[in-house]
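These notes concern the structure reproduced below.
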Amino acid sequence: MTFQNLFAAAMDGCNPYPYQVRMAEAAWPDLLDVPTGMGKTAAVTLAWLYKRGWRQGGREMSPDADTPRRLVWCLPMRVLVEQTKDSICSWLSSLNVLGEVGEGKVSVHLLMGGEPDLKTWAEHPEEDMILIGTQDMLISRALMRGYGMSRYQWPVQFALLHNDCLWVFDEIQLMGAALPTSTQLEAFRRSFPLAKSCRTLWISATLNRAWLDTVDLRPHLPTLRHLTLDQADRQQAGDRLRAIKRLDQAPVSLSKEASNKAGLDAYVEALCHLVLERHTSDTQTLVIVNRVERAQQLYRHLRKRRQGSNDLLVHARFRASERAAQVHRLREEDVRDRIIVATQAIEAGVDISAKTLITELAPWASLVQRFGRCNRYGEHNQEGASVLWVDIEDAADPLPYTTETLAAARAKLKSLQSASPQDLPVTDESRQLSAVLRRKDLLDLFNTDPDLSGFDVDISDYIRDSGPPGVLVFWRDFRDDPNHPEPQERPAREELCSVSMEQIRDFFRRKDTMLWYWDALDNRWAELKHEPRPGITLLLRAADGGYDVELGFDPKLKKPPVPVISPTGPKAEEAYSDDWRSRQARPVGLADHLGHVAAQAAKLCDAVGESTYKEVVVRAGRWHDLGKAHEVFDATMHACEAAPPGFLAKSPCHARHGRPYFRHELASMLGWLAQHDREPDADLIAYLIAAHHGKVRMSLRAMPTEEAPAEVKRFARGVWEGDVLPALDFDGEHSAETMLRLALMEIGEGEQGPSWTERTLRLLDEHGPFRLAWLETLVRIADWRASATEQQGDDHE
């Protein structure tokens, strides 16, 4: 089956452009520079599918060695994510290769805050799959600080996003600070050891190669391959590339007077009058403004004057539930006599076309994208389409842009009378200055423990430069305490709303509001007493308002109460002391479980082609839960009559450990080192044992409120020096009765040799962050699979 046949089968009979064929049949490019509306998403997705050996109905060819298993679509805005997923699922479904994980087909997953599929994709690293998410969610995971997810899952997703992945950064002109972060991460993947190959593709209709010039990628720039249109492409896309779009300056402008309420009201009123004057009832009009607040106010004005219309407001401050409804309306409703008011959330990737486009002044690359939403397919070429640009005066507030970038765009516009793609000048503006991730920064982020004050490193400067990435909020209906009678459940994706830091601060400063965050140490919702930090997920009371299903988030809205979306997610985020995987209906003996995990580790290594470190991973799996023989854990496993005798890995008893913060994996690691220290790979196996829940990794210290009897010299994570692990025989190995020592906590050389910190830093230096996290992840997945199989009663052989 040729790529042309595959493309036509996926795209309802449409033929590919020549550049799309080149994408599938030649080596992967690093840069793709193609105008809007030319099928970039389809080009990359179907080329990846073809190179991975998939044809209509299933896989027929061996995968291309240079094409990784996971295709990662990283998008600059949430509004693009659902549409991209819908399109990709439609293509895969047409080819009959779309499936769920474990079905032997290609699965598609959203990586967004509150998404119920945050982890299931990570349990199947041997399968072909497509991951789709925003730069906030994906790059935060690539920096080991994943927003909107359990901190204990950070290392797994970090590992899988840096090994066996093809990263696709779409609409890079909108990425801001995330763009240099993406180039630096690609450079680091070229210098640190990888377990599996990984590559990056940057895409834009306004691509400027100089934007990729960061300090560590610079040596590689001359070798980056560039794919763009050729003459055959231009001939086939003639109507689109020559679409008629008259360009004029609007008689309205945003001045410095708009910084006060009266001036802003006057501006929005004038803009509303212009929109109504230029709109024609038989077509669609699109209005793009640069700030959510202005978009909301303009929409309110239009709603008063056009009651009963099917007008629509689109921006990034809606819940996923309302965004899904918006996407449906954009695609399915009659476009006649419709006015869409939007922010830059619509300027890229959203497949709509308007006869009239009115847009505020924006940087040139953004304007080119906005122009692509007018007469997109050349459908109005006979009567012509029009674009009006609204000036933002130099003295006015330019946010989220700068006065300089707006001035440069204005100079280009003044010399143009057409916004047709063939008439637009190239993008020559420089990339905005922003924080640049360096090698030391990445290595520091590998340690997932919070600092002594309880806070994490703030990565927001590496993700967005027009203000921090913001927070996620959701609403529930309760009076005063979200923990009564039981803690509120974790939010489902449909409930979550992305909010800017400015907006959430305004909401927080209202005297009638209360906000809560999940405290993983105390296993409860805690009231927020200080201003929110970027990336946090916050629980709000529905009665406090702040949201309207048509307008989105507005911190000033107090009534009516926010309609609550019933949660469908699991219980609130895992607590530090929680061992929920050990509480299972079917009891499992400890020795049996250790053998099961070792067997699963061997299978997994074979499935992903991990041969170099297979024996290390298998042995770590075999020893990973030795600490469950500890008296504290054993007492928890036998806290009810339903538990059978003997050491257990899984028990039907539901009880808390007798010591707060007890971590069995620390006891396992100490037991291993006491008997195998200084053997080959002993430290690596010790690390993989300790890290298999993501809670004991690079550092070893007591928890902030942890206590022990006065006679205990050292203690950490519920393990006391002098504790004894009883002897155990398991899977062909023997662990002798062992007294646990914690001299590893001390700095420098001590009673047990190098400190734990020195050992883990040495491992990080030897293996690099990407390979070390990969090995850590294989042990964890093997444990998950063994635990699941045990509860199903399946054979482990």
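The values are calculated or read from the model by the stated rules, or taken from the named source; none is laboratory data. Because the structure is predicted, anything quoted here is derived from the model rather than measured. When we count neighbours, we look across all protein chains shown, and the Cβ atoms used for this are built from the backbone with ideal geometry, even at glycine. Areas reflect the complete protein model, heavy atoms only, side chains present, ligands, DNA and RNA absent. Shrake-Rupley method; radii C 1.70, N 1.55, O 1.52, S 1.80 Å.
Given that compact globular proteins tend to follow 2.2 N^0.38 Å, what is the ratio of the alpha-carbon Rg of region 213-293 to that value?
Details: Rg = 21.5 Å, N = 81, 2.2 N^0.38 = 11.7 Å.
My calculation over the Cα atoms of region 213-293 gives 1.84.
Beta bridges assigned by DSSP with both partners in the chain are antiparallel in approximately 30 percent of cases.
For the chain, the longest principal axis of the C-alpha atoms and the axis of helix 178-191 are separated by about 50°.
With a/c under 1.5 counting as rounded, go ahead and sort region 306-460 into rounded, prolate or oblate using the C-alpha gyration tensor (a ≥ b ≥ c being the square roots of the eigenvalues; past the cut-off, prolate if a/b is larger than b/c, else oblate).
Details: a/c = 2.43, a/b = 1.47, b/c = 1.65.
Because a/c hits 1.5 or more and a/b fails to exceed b/c, region 306-460 counts as oblate.
List, in the order given, every pair from Lys51/Lys614; Lys529/Lys558; Lys40/Lys196; Lys256/Lys414 whose Cα-Cα distance in the structure shown is over 24 Å.
On the way: Lys51/Lys614 28 Å; Lys529/Lys558 21 Å; Lys40/Lys196 26 Å; Lys256/Lys414 21 Å.
Violating the 24 Å Cα-Cα cut-off are Lys51/Lys614; Lys40/Lys196.
Taking amide H as placed 1.01 Å from N in the peptide plane, the amide H of Val390 sits under 5 Å from that of Ala250, Thr359, Glu360, Leu361, each at least 5 places away or on another chain. Under the simplified labelling scheme, the Ala408-Ser699 pair shows an inter-label distance of 4.1 nm, with each label point 7 Å from Cα along Cα→Cβ.
Hey, what angle do you get for helix 261-278 against the long axis of the chain, alpha-carbon based, 0 to 90 degrees rounded to 10? With both axes taken from Cα atoms, the answer is about 60 degrees. Between His734 and Lys558, full extension at 0.36 nm per residue minus the direct alpha carbon distance yields a gain of 56.9 nm.
May I ask you to derive the relative contact order of region 661-767, considering only C-alpha pairs under 8 Å and at least 6 residues apart, and to give it as an integer percent? Spell out each step's value before the answer.
Numbers: 146 pairs, mean separation 27.3, N = 107.
In percent, rounded to a whole number, it is 26.
Residue ranges 477-490, 315-328, 775-788 sort as 775-788, 315-328, 477-490 when ordered by packing (mean number of other C-beta atoms within 10 Å per residue, highest first).
Considering only protein heavy atoms, with the full assembly of protein chains and a 1.4 angstrom probe, order Arg510, Arg656, Arg336 by accessible area, largest first. Mind showing how you got there, number by number?
Values: Arg510 35, Arg656 190, Arg336 145 Å².
Ranked from most to least accessible, the order is Arg656, Arg336, Arg510.
Of the peptides 164-171, 391-398, the order by per-residue mean of other Cβ atoms within 10 Å, starting with the highest, comes out as 164-171, 391-398.
Quick one: accessible area per residue over the chain, 1.4 Å probe, rounded to a whole number of Å²? Before the final figure, lay out the partial values.
Details: 30460 Å² over 797 residues.
Accessible area per residue: 38 Å².
Rounded to the nearest 500, what is the chain's calculated 222 nm mean residue ellipticity when only DSSP H runs of at least 4 contribute -39500 (n - 2.57) each, over all residues?
Numbers: 22 runs with 261 residues, N = 797.
That calculation yields -10000 deg cm²/dmol at 222 nm.
If you take the beta carbon distance between Glu758 and His273 as r and set R0 to 51 Å, what does 1/(1 + (r/R0)^6) give as a FRET efficiency, to the nearest 0.05? That gives a FRET efficiency of 0.15.
So for the chain, what are the equivalent ellipsoid semi-axes in whole Å, largest first, each being the square root of 5 times an eigenvalue of the Cα gyration tensor?
Working: eigenvalues 496, 186, 110 Å².
For the chain, the ellipsoid semi-axes come out as 50, 30, 23 Å.
Sorted largest first by accessible area at a 1.4 angstrom probe radius, with every protein chain in place, the residues His624, His657 fall in the order His657, His624.
Within the full protein context, the accessible area of Tyr401 is estimated at about 40 Å² for a probe radius of 1.4 Å. Arg190 contributes an accessible area of around 100 Å² to the protein surface, as traced by a 1.4 Å probe with all chains present. In the chain, the longest principal axis of the Cα atoms and the axis of helix 78-94 are about 80 degrees apart. Split the accessible area of the chain by element, probe 1.4 Å, and carbon with sulfur accounts for 49%. Rounded to the nearest Å, what's the spacing between the alpha carbon centres of region 140-155 and region 396-411? Just the number, please. Comparing the Cα centres of region 140-155 and region 396-411, I get a distance of 35 Å. Mind running the shape call on region 1-46? Use the C-alpha gyration tensor, a ≥ b ≥ c as the square roots of the eigenvalues: rounded below 1.5 for a/c, prolate if a/b tops b/c, oblate otherwise. It comes out oblate by the Cα gyration axes. Per-residue Karplus couplings for region 59-72, computed as 6.51 cos²θ - 1.76 cosθ + 1.60 with θ equal to phi - 60°, are listed in order as 8, 10, 10, 5, x, 5, 5, 9, 10, x, 5, 9, 9, 10 Hz, Gly and Pro entered as x. One Cα centroid belongs to region 547-565, the other to region 1-60; the line between them spans 42 Å.
Database remark: amide H of Gly39 closer than 5 angstrom to no amide H (H placed geometrically; neighbours at sequence offset of 5 or more, or on other chains; Pro and chain starts carry no H). Remark on Leu648: its backbone amide H falls under 5 Å from those of Leu590, a criterion applied only to residues 5 or more positions apart or on other chains, H modelled at 1.01 Å from N.
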